[in-house]
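The values are calculated or read from the model by the stated rules, or taken from the named source; none is laboratory data. Computed from a predicted structure; not experimentally measured. Positions of Cβ are generated from backbone atoms using ideal geometry, with glycine treated the same way; all protein chains shown enter the neighbour counts. To get the accessible areas, we keep the full protein, side chains included, count just its heavy atoms, and leave off ligands, DNA and RNA. Shrake-Rupley method; radii C 1.70, N 1.55, O 1.52, S 1.80 Å.
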Amino acid sequence: MDVVKPLAPVIPVFLLIALGFLFARWKKIDLTSITEILIYLAAPCLAFTSLTTKPLFVSDIVVLIAGVLGIFLGVGILIALYTLLFRFRSRGFVTPVLFMNAGNMGIPLALFAFGEPGLQRATLLFVAISILQYSLGIYILNSGGWKEIFRLPLIYATFLGLLLNLLQISVPGPIFQPLSLLGYSTIPLMLISLGYRLRNIP
């Protein structure tokens with residue numbers, strides 16, 4: 001149907017979120033283990049495999065990073081103006097306003113809307129924001145602790161994927177396939193976890 005076609009990229013996302021929401025009504029689980037699998041295994045595999053699948057050029061990377069920095073600079077200026085005008089200062093206010101959710105929603109929407117090229121660029125955007133979140137974000141909240149960024153496998157997987165892409169080095173199939181399979185599990189797990197958390201918001 002022509003009416004449903006524009007919503008095609010959005011429908012799978014909200015169906016998976018709804019599934020997580022309904023699952024939370026039926027069964028209570030601890031998401032800690034799933035979150036750790038996402039952070040330390042699935043998301044790094046997604047970053048690595050998506051960045052080595054399609055050709056990526058230095059100009060693409062520069063434009064994307066410049067866009068991310070431009071967004072952060074613009075939002076940062078608005079936050080600074082707001083705090084000056086209303087004399088409102090709160091570290092807990094700054095971080096959720098400054099850092100967008102480019103993972104749970106951005107990655108699957110880009111995949112369903114634009115296919116592999118969209119997934120590749122959305123993953124790179126997610127990594128760029130994650131780097132800022134685990135450096136600048138931690139600094140804002142704790143006035144330090146930026147070294148946490150070096151504990152994220154996502155960062156190393158991204159740089160390795162970019163290096164292989166730019167050098168046009170292909171990953172052997174027996175290695176790439178299991179990593180790709182694990183990487184793709186990131187998308188449904190992220191959305192189901194999001195729906196589960198929404199159900200448990202007080």
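Taking the highest mean first, how do the peptides 128-137, 8-17 order by number of other beta carbon atoms within 10 angstrom per residue? Before the final figure, lay out each step's value.
Numbers: 128-137: 19.3, 8-17: 15.5.
Ranking the peptides 128-137, 8-17 by packing returns 128-137, 8-17.
For the chain, with all protein chains present and a 1.4 Å probe, just round the carbon and sulfur fraction of the accessible area to a whole percent.
That share works out to 72 percent.
Using a simple charge model, +1 on the beta-carbon of Lys and Arg, -1 on the beta-carbon of Asp and Glu, nothing else, what dipole does the chain show about its Cα centre, in debye to the nearest 20?
600 debye
Using the Cα centre of the chain as origin and beta-carbon charges of +1 (Lys, Arg) and -1 (Asp, Glu), tell me which of Ala102, Tyr196, Leu15 is placed farthest towards the positive end of the dipole.
Tyr196
Using only the Cα atoms of the range 26-180, each taken as one equal point scatterer with no solvent, compute I(q) by the Debye sum, divide by I(0), and report log10 of the ratio at q = 0.08, 0.12 Å⁻¹.
Rounded to two decimals, the profile gives -0.28, -0.60.
At q = 0.10, 0.24, 0.25, 0.27 Å⁻¹, what is the base-10 log of I(q)/I(0) for the range 1-84 according to the Debye formula with one equal point scatterer per Cα and no solvent? Please give it to two decimals.
Results for the range 1-84 at q = 0.10, 0.24, 0.25, 0.27 Å⁻¹ read -0.57, -1.05, -1.07, -1.14.
Which order do peptides 65-74, 36-45 fall in by mean Cβ count within 10 Å, highest first?
36-45, 65-74
Taking the mean number of other Cβ atoms within 10 Å as a proxy for protection, how do you rank 190-196, 20-26, 76-82 from highest to lowest?
In descending order of packing, they fall as 190-196, 20-26, 76-82.
At 1.4 Å probe radius, can you tell me the per residue accessible area of the range 92-202 in Å²?
53 Å²
In deg cm²/dmol and to the nearest 500, what is the mean residue ellipticity at 222 nm of the chain if only DSSP H runs of at least 4 residues count, each as -39500 (n - 2.57), divided by the residue total?
After summing the helix terms and dividing by the residues of the chain, the value is -23000 deg cm²/dmol.
How do Leu85, Leu198, Leu167 stack up against each other in accessible area, from largest to smallest, with a 1.4 angstrom probe? It would help to have the intermediate numbers written out before the result.
Values: Leu85 135, Leu198 80, Leu167 105 Å².
The residues order as Leu85, Leu167, Leu198, largest area first.
Treating only the Cβ of Lys, Arg, Asp and Glu as charged (+1, +1, -1, -1), what charge dipole size does the range 1-111 show about its Cα centre? Round to the nearest 20 debye.
On the way: 8 positive and 4 negative charges, 80 e Å.
Roughly 380 debye, rounded to the nearest 20.
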